[in-house]
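Here's the structure, in structure tokens; my notes come after.
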């Protein structure tokens, strides 16, 4: 079995599942991480190049075990797609509960940091050193939706994480980039009501355009397949005509 070695978090559904399958089809060996083993096995679909590792990214010991399993199985880590995340509660800063705030940040920010840190340590130690980390941001890293304070804050934080990884990884041949996706058709789009009418800045509701998640996955694959001397630092892909530039 040949091909580069990738770790995909949040691989049990949505963008994570689509990216994992796209990578497998392209010849990567892929470790599938997520909380639900049955969903991960559905993503793997019996493929020999898929390694199922149930993982809660908010638990440091489980993240360390994930990367230890990958290194024991395949000897190195070439790509991390740091994707696990949650939209969190619909709330403004005036009414969000502290527990809901912390729970969302634990997944979206702390989980991303734990995975990035473990990936960097593996990439620094391996021979040859180096690798690529791709963080799943969101167009909410640029402009928030109404009443989405914790999600927007968490995705702005991912931008800082991405830039810090790219800077600090430079001596070791580690690059980092961020993909900001708007309205790919996944379950999170149903959670925020895009299909039935998403809340707009003026208080109205609008059925927003969406696009196939497979197209977002191909964009991630493009970033992952670049040679070491090239990096996409930031890529934004949205449904055509969605209210992004005109938000607010």
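Just give me the residues in region 72-105 being closer than 19 Å to residue 57 by Cα and surrounded by fewer than 17 Cβ atoms within 10 Å (Cβ to Cβ), in sequence order.
Passing the criteria: 99, 100, 102, 103.
Mind telling me which of the residues 38, 78 ends up being modelled with pLDDT of 95 or more and under 26 Å from residue 228 (Cβ atoms)?
Result: 78 is the single residue among 38, 78 that is modelled with pLDDT of 95 or more and under 26 Å from residue 228 (Cβ atoms).
If you scan region 205-248, which residues turn out to be assigned to a strand (DSSP E or B) and either closer than 30 Å to residue 171 by Cβ or at pLDDT 95 or above (or both)?
Of everything in region 205-248, those that are assigned to a strand (DSSP E or B) and either closer than 30 Å to residue 171 by Cβ or at pLDDT 95 or above (or both) turn out to be 234, 235, 236, 237.
Restricting to region 123-139, what's the tally of residues that are surrounded by fewer than 22 Cβ atoms within 10 Å (Cβ to Cβ), assigned to a helix (DSSP H, G or I) and either touching a helix residue (DSSP H, G or I) at 6+ places or on another chain (Cβ under 8 Å) or at positive phi (or both)?
1
Just to be sure I understand, how many residues within region 16-55 are surrounded by 15 or more Cβ atoms within 10 Å (Cβ to Cβ) and either assigned to a loop (DSSP other than H, G, I, E, B) or touching a strand residue (DSSP E or B) at 6+ places or on another chain (Cβ under 6 Å) (or both)?
Residues meeting the conditions: 24.
Could you check, for region 181-204, whether at least one of its residues is modelled with pLDDT of 95 or more and on the phi < 0 side of the Ramachandran plot?
Looking through region 181-204, at least one residue is modelled with pLDDT of 95 or more and on the phi < 0 side of the Ramachandran plot.
Answer yes or no: is there a residue in region 94-113 that is modelled with pLDDT of 95 or more, farther than 19 Å from residue 145 by Cβ and either in contact with a strand residue (DSSP E or B) (Cβ under 8 Å, 6 or more places away or on another chain) or not in a helix (DSSP H, G or I) (or both).
Checking region 94-113: at least one residue is modelled with pLDDT of 95 or more, farther than 19 Å from residue 145 by Cβ and either in contact with a strand residue (DSSP E or B) (Cβ under 8 Å, 6 or more places away or on another chain) or not in a helix (DSSP H, G or I) (or both).
Would you pick out the residues in region 1-15 that are in contact with a strand residue (DSSP E or B) (Cβ under 7 Å, 6 or more places away or on another chain), over 21 Å from residue 227 (Cα atoms) and in a loop (DSSP other than H, G, I, E, B)?
Across region 1-15, the qualifying residues are 10, 11, 12.
Out of region 145-186, which residues are free of Cβ contacts under 8 Å to residues at least 40 places away in the same chain and part of a loop (DSSP other than H, G, I, E, B)?
Matches in region 145-186: 185 only.
The values are calculated or read from the model by the stated rules, or taken from the named source; none is laboratory data. Treat the numbers as computed from the prediction; the structure is a model and nothing was measured. Here the Cβ is made from the backbone with ideal geometry for all residues, glycine too, and neighbour counts use every protein chain on show.
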